[in-house]
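Engineer: I have a structure here, written as structure tokens, and I will follow up with some questions on it.
The values are calculated or read from the model by the stated rules, or taken from the named source; none is laboratory data. Everything numeric in this text was worked out from a predicted model, so none of it was measured. Quick reminder, even Gly has a Cβ in these numbers, built from the backbone with ideal geometry, and neighbours come from all protein chains shown. The area values use the complete protein model at the heavy-atom level, side chains included, leaving out ligands, DNA and RNA. Shrake-Rupley method; radii C 1.70, N 1.55, O 1.52, S 1.80 Å.
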Amino acid sequence: MSDLQFKGNKLSVIQGLKNGFLSGPFQTEFKLDNGVIVSISQMTKRWIEFTSDSPMTSDEFIFIFQGVEKLLMLFDGKFCTIEKLIVSNNNEETVDVLSEYNKIRLNYFSSKNLYQYSWLKIISFQEILTNDLYKRWLSLIRDLDIAFQVFLYALSDNKMTVDLNFAFLVELAEPFVELLKERTYYCQTLIPGERGTTLKMCVDNLIVLYGGDIFAKELEDDYTLFLERVVKSRVRIMHIKKNQKDFFDGKECIKYSLKFSLLYRRILLSLLGVPYQEYKENIKSASKKIDEWLSLIHISEPT
């Protein structure tokens, strides 16, 4: 029998950073609708426990963990490395399932070095994480479907060049507009994919509605030119080289990948009902650091 089919009453997870330590102390606990109690504490490392009165397979526990882990990534801007993953039962039997799980763990759980900076964290989990928020989160990523996976892969250590990564992030403006149409009164006149609704219009609407603090500098400068270069950086993958003009270079793609990832996280938090005032200053601080990235980010990326 696979270790992932072992039945237990508790999943214990320890996570950390590849380089450095997590901030803290933070702690929260909440109970899911299925009776599973989720307890999270953090101080240099992150400890997460899932406890159930009824035995569950390791697979079932891990499915719940992944949902929580993706939500924590929304707050932090990155995934943490799993150091221990242990399932235990009331008979004091324990199984370390990390090795088995790592064989099937998707690559998007490994965040790119670019997103490892602590200043990309925009809110602490202990301030907002509840069962209600978790349920809204599961509904939200179900609606986004594969677009959410594209978002995670674009931020992962996927070995793709920065210009290709950025093109995927820009393309996500269309499903995010569709999501806003579905869940808010915004963007009702836009029909992504149909004639009359351009990618430029989708990007513009998202920035105007949610990215004022993130793209403050761009809005003050030549915003129209900025939008054109964003779109041309996306359509590069649709044309041969002689027809590619006025797109972002590799360094600019790094900068705006950071900004677009911040924008999408801001939109998701808004759709979850988290008041912007609770993390506005963190958004503004992160955006300012991104604008100064040449002196802050020391990373070599192929173009």
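Engineer: Take the alpha-carbon centre of the stretch 148-206, take the same for the stretch 20-90, and report the distance between them in whole Å.
Structural biologist: 30
Engineer: Taking 7 Å along the Cα-to-C-beta vector as the label spot, tell me the N113-A216 distance in nanometres, rounded to one decimal.
Structural biologist: 3.0
Engineer: Separate question: Taking only Cα atoms and a 10 Å spring cutoff, compute GNM fluctuations for the chain and point out the largest among G24, G16, G77.
Structural biologist: G24
Engineer: Next question, about the same structure. Would you kindly state how much longer the chain becomes between Q188 and D145 on full extension, computed as 0.36 nm times their sequence separation minus their alpha carbon distance, in nm to one decimal?
Structural biologist: Length gained, Q188 through D145: 13.4 nm.
Engineer: Can you give me the angle between helix 58-76 and the longest principal axis of the chain, using Cα atoms only, in degrees from 0 to 90, rounded to the nearest 10?
Structural biologist: Around 40 degrees separate the two axes.
Engineer: Where only protein heavy atoms count, and the probe is 1.4 Å, what is the accessible area per residue for the chain in Å²?
Structural biologist: I get 49 Å² per residue for this part.
Engineer: What distance in nm separates the two pseudo spin-label positions at Y153 and Q126, each 7 Å out from Cα along the beta-carbon direction?
Structural biologist: Using points 7 Å along Cα→Cβ, the separation is 3.7 nm.
Engineer: I need the shape label for the stretch 104-186. Rule: rounded when a/c is under 1.5, else prolate if a/b > b/c, else oblate, with a, b, c from the alpha carbon gyration tensor.
Structural biologist: Oblate is the answer for the stretch 104-186, as a/c is 1.5 or above yet b/c matches or exceeds a/b.
Engineer: Additional query: Rounded to the nearest 500, what is the chain's calculated 222 nm mean residue ellipticity when only DSSP H runs of at least 4 contribute -39500 (n - 2.57) each, over all residues?
Structural biologist: Taken over the chain, the calculation gives -14000 deg cm²/dmol.
Engineer: Under the classification rounded if a/c is under 1.5, otherwise prolate if a/b is larger than b/c and oblate if not, where does the chain fall, given a ≥ b ≥ c as square roots of the Cα gyration tensor eigenvalues?
Structural biologist: prolate
Engineer: When the accessible area of the stretch 146-291 is computed with all protein chains present and a 1.4 Å probe, what percentage of it is carbon and sulfur?
Structural biologist: 51
Engineer: Out of the total accessible area of the stretch 1-79 (probe 1.4 Å, heavy atoms of protein only), what percent is carbon and sulfur?
Structural biologist: Using a 1.4 Å probe with all protein chains present, the stretch 1-79 comes out at 52 percent carbon and sulfur.
Engineer: With a cut-off of at most 13 other beta carbons within 10 Å, and DSSP calling the residue loop, which chymotrypsin sites (Phe, Trp or Tyr not before Pro) in the stretch 1-108 qualify? Please list them.
Structural biologist: F21
Engineer: Full extension from K288 to D96: what is 0.36 nm times the residue separation minus their Cα-Cα distance, to one decimal in nm?
Structural biologist: Extra length from K288 to D96 when fully extended: 64.9 nm.
Engineer: Also, I was wondering about something else. So between L133 and R195, what do we pick up on full extension, going 0.36 nm a residue minus the alpha carbon distance?
Structural biologist: 18.7 nm
Engineer: Can you tell me the order of 264-270, 93-99 when each peptide is scored by its average per-residue count of other Cβ atoms within 10 angstrom, highest first?
Structural biologist: The peptides rank, most packed first, as 264-270, 93-99.
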